[in-house]
Every structure is written in C-alpha cells, then in structure tokens.
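Here is the structure we will look at.
The values are calculated or read from the model by the stated rules, or taken from the named source; none is laboratory data. All values reported here derive from a predicted model rather than from experimental measurement. All Cβ positions, even for glycine, are placed from backbone atoms using ideal geometry, and neighbour counts span all protein chains on display. Surface areas here come from the heavy atoms of the whole protein model, side chains and all, with no ligands, DNA or RNA. Shrake-Rupley method; radii C 1.70, N 1.55, O 1.52, S 1.80 Å.
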Amino acid sequence: MNFGEKIKLLRANNKESKQTLAEVLSVSFQSVSKWENSQSYPEITMLKKIAEHYNVSVDYLLDDNNAM
C-alpha cells in the first residue's frame with residue numbers, strides 16, 4: 001500500500017473529508033487530493049503532523065510494504 005492509499009484509508013476510517021483533513025493540516029484541499037492520487041507528496045515537516053493526527057508512525061506512512 002503506497003502513501004496515497006494509506007492517507008485515503010486513514011481519512012476514510014476516521015470519517016474525514018479531504019476538506020476536513022486539509023483544514024486540520026492547514027493545507028489546501030487540492031494538496032490532500034494530490035497526495036491521495038500520488039501526484040505529489042507532502043513536505044517532510046508535514047509527515048509528522050499527519051502521523052500525529054492519525055496516531056500512526058511516520059515509518060508506517062512511508063513504508064510501502066507496511067499495510068494496516
């Protein structure tokens with residue numbers, strides 16, 4: 001499972017919209033959408049915020065071999 005798939009799954013499991021996640025992270029809706037579609041990736045400083053928000057490790061987010 002790649003980074004985008006994990007973000008999409010975590011967001012769905014928490015019943016969050018893309019807009020809600022974007023607001024929590026202070027980024028645009030388009031940024032979240034691009035992450036989920038693997039068109040771009042968040043800056044490294046954002047990874048910690050995402051991991052903390054979903055109570056997962058940064059390693060989990062980055063490791064394509066690590067599924068939920």
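In this simple spin-label approximation, residue 9 and residue 52 carry label points 7 Å from Cα along the Cα→Cβ vector, and these lie 2.5 nm apart. The charge dipole of the chain, taken about its Cα centre with unit charges on the Cβ atoms of Lys, Arg (+1), Asp and Glu (-1) only, comes to about 220 debye. With the simple model of a label 7 Å out from the Cα in the direction of the Cβ, residue 26 to residue 45 spans 0.9 nm. In the full protein context, the chain carries 63 Å² of accessible surface per residue, based on a 1.4 Å probe and ignoring ligands, DNA and RNA.
At q = 0.20, 0.24 Å⁻¹ the log10 of I(q)/I(0) for the chain amounts to -0.73, -1.12, computed by Debye summation with a single uniform scatterer per C-alpha, solvent ignored. Putting +1 on Lys and Arg Cβ atoms and -1 on Asp and Glu Cβ atoms, find which of 57, 19, 7 reaches farthest to the positive end of the dipole of the chain. Checking the options against the dipole of the chain, the answer is 19. Sorting the segments 30-37, 46-53 by their mean number of nearby beta carbons within 10 angstrom, highest to lowest, gives 30-37, 46-53. What percentage of the solvent-accessible surface of the chain, computed with a 1.4 Å probe over protein heavy atoms, is contributed by carbon and sulfur atoms? For the chain, the apolar C and S fraction of the accessible surface comes to 47 percent.
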